[in-house]
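Have a look at the structure below, then the notes.
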Amino acid sequence: MSEIDPEFGMLLREAAEQAKANPMPPVDQLPPEMVRAGYQMQRKAQDQNAPREMDVRDFTVPGPHGDIPVRLYAPQGLPAPSPLLVYYHGGGWTIGDLETHDGHCRRLAAWGGCRVMAVDYRLAPEHPFPKGHDDALAAATWAFDHAAEIGADASRIAVGGDSAGGNLAASVALDLKEDPVRRLAFQLLLYPATTAEWTTPSRQTLDGPILTFEAMRWFEKNLAAHGHAEAHRLSLLEGRDLAGAPPALVVTAGHDCLKDEGFAYAEKLKAAGVKAEHREYPSLPHDFYVMADVSPAVTAAARETAEVLKAALS
């Protein structure tokens, strides 16, 4: 395995020293709202320099469990209709929001030459599985049905997400693949969770540095999908027919317990006849896209990712 990026290595050493001086209780002993606040504070502090020349609008769209907040990004001067990326933030289905991923969505919009509609789906444990998945599907469906209202070209709509959001995006892509009207053009899956099983080598050996086994198990406990009749919407590697899914880019990080399942999902897409590309950034950790100020390597990866998205939707 490659050495971790030097800037991230420095950040992680400083974090370890702080944790040693001020130890925290196990994450499952903390209220989710406290963890959410801490995550938002960290990620906003680590991503202060995203593109600002952007028209941004917050509104809500209807869903089966109530209104869903969304944020629409449009680079200034982008003509309408344009391609649209419906984006789902990461955070283990438990943390994360429109603010934690604001800079990341701005980069995707600016460098991908598209509008981005970020979705503030319902979070566990207050809203257990499959409510977040239901929100994700409802938001994508709404985007197709109201494309003209938001300046989008309905023939060039993609879904995307990172980590748990990558799971949501991939799930929506499969939910919609039989829809004769709403045809997704692309799926952008950034270090996605694609299984609830702990059988891959990386799930057994890569405990951290950002996504620890403790945190991942807390996320899965909060989601409460185990044994649910619709659990196939979460565990995409097992029992889902991927034939007919839209083309995909699957990105993995070298220092991430989810990297093997991301690679396996890309391979399974290819085996099903789907055009899929896999890219790994071997020196970077999980969650790197929303830590852009930590290392120049993040900006470089974000530009490459956005270029693939732009080409796919051109």
Of the residues A139, G113, V61, the Cα lying farthest along the dipole of the chain towards its positive end, which is defined by charges on the beta carbon of Lys, Arg, Asp and Glu, belongs to G113
Answer rounded, prolate or oblate for segment 124-203, using the Cα gyration tensor with square roots of eigenvalues a ≥ b ≥ c: rounded when a/c is under 1.5, else prolate when a/b is larger than b/c, else oblate. prolate
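Restricting to Cα pairs below 8 Å that are 6+ residues apart, what does the relative contact order work out to for the chain? Please round to a whole percent.
Details: 639 pairs, mean separation 63.4, N = 314.
Computed over the chain, the figure is 20 percent.
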Net charge near A50, counting Lys/Arg +1 and Asp/Glu -1 over other residues with Cβ under 10 Å of its Cβ? 0
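Of the listed peptides 91-102, 68-79, what is their order by residue-averaged count of other C-beta atoms within 10 Å, with the highest listed first?
Numbers: 91-102: 23.3, 68-79: 17.1.
Highest mean packing first, the order is 91-102, 68-79.
Just to confirm a number: summing +1 for Lys and Arg and -1 for Asp and Glu over residues other than I68 whose beta-carbon lies under 15 angstrom from that of I68, what do you get? Show your work: numbers first, answer last.
Numbers: positive: R57, R71, R122, K131; negative: D58, D67, D97, D120, E126, D134, D135, D145.
Cβ neighbours under 15 Å give a net charge of -4.
Run through the DSSP bridge list for the chain and note the antiparallel percent, rounded to the nearest 5. Write out the running numbers ahead of the final one.
On the way: 12 of 39 bridges.
Here the share of antiparallel DSSP bridges comes out near 30 percent.
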Express in whole angstrom the spacing between the alpha-carbon centres of segment 206-250 and segment 82-145. 16 Å
Taking just the alpha carbons, could you work out the radius of gyration and Dmax for segment 145-283, both in angstroms? 15.3, 47
Between their Cα atoms, which of K177/K270; K131/K221; K44/K310; K177/K268 are more than 18 Å away from each other? K44/K310
For the pair K20 and T212, how long in nm is the line joining their label points, each one 7 Å along Cα→Cβ? 1.5 nm
Charge dipole magnitude, Cβ of K and R +1, D and E -1 - the chain, Cα centre, debye nearest 20: 480 debye
Against the empirical 2.2 N^0.38 Å scaling, what ratio does the C-alpha Rg of segment 80-180 come to? 1.02
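Just by accessible area at a 1.4 angstrom probe, what is the order of E261, E267 from largest to smallest?
Working: E261 0, E267 75 Å².
Heavy-atom accessible area, descending, gives E267, E261.
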Between A272 and D293, what FRET efficiency comes out of the Förster formula 1/(1 + (r/R0)^6) with R0 = 30 Å and r the beta carbon distance, rounded to 0.05? 0.20
Please work out which option in [x] 21.6; [y] 19.3; [z] 20.4 gives Kirkwood radius over Cα pairs in Å calculated from these coordinates, and answer with its label. [y]
Can you compute the helix-only [θ] at 222 nm over the chain? Use -39500 (n - 2.57) per DSSP H run of at least 4 residues, normalise by all residues, nearest 500 deg cm²/dmol. -11500 deg cm²/dmol
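Keeping every protein chain in place, order M54, M41, M34 by accessible area at 1.4 Å, biggest value first, i.e. largest first.
Numbers: M54 15, M41 135, M34 100 Å².
Sorted by accessible area, descending: M41, M34, M54.
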To the nearest 10 square angstrom, how much accessible area does D134 have with a 1.4 angstrom probe? 30 Å²
For peptides 300-306, 43-49, sequence by mean Cβ density within 10 Å, most packed first: 300-306, 43-49
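The values are calculated or read from the model by the stated rules, or taken from the named source; none is laboratory data. Everything quoted here is computed from the prediction, not taken from an experiment. Every residue, glycine as well, gets a Cβ built from its backbone with ideal geometry; the counts of neighbours run over all protein chains shown. Side chains are part of the model used for accessible areas, which takes the heavy atoms of the whole protein and leaves out ligands, DNA and RNA. Shrake-Rupley method; radii C 1.70, N 1.55, O 1.52, S 1.80 Å.
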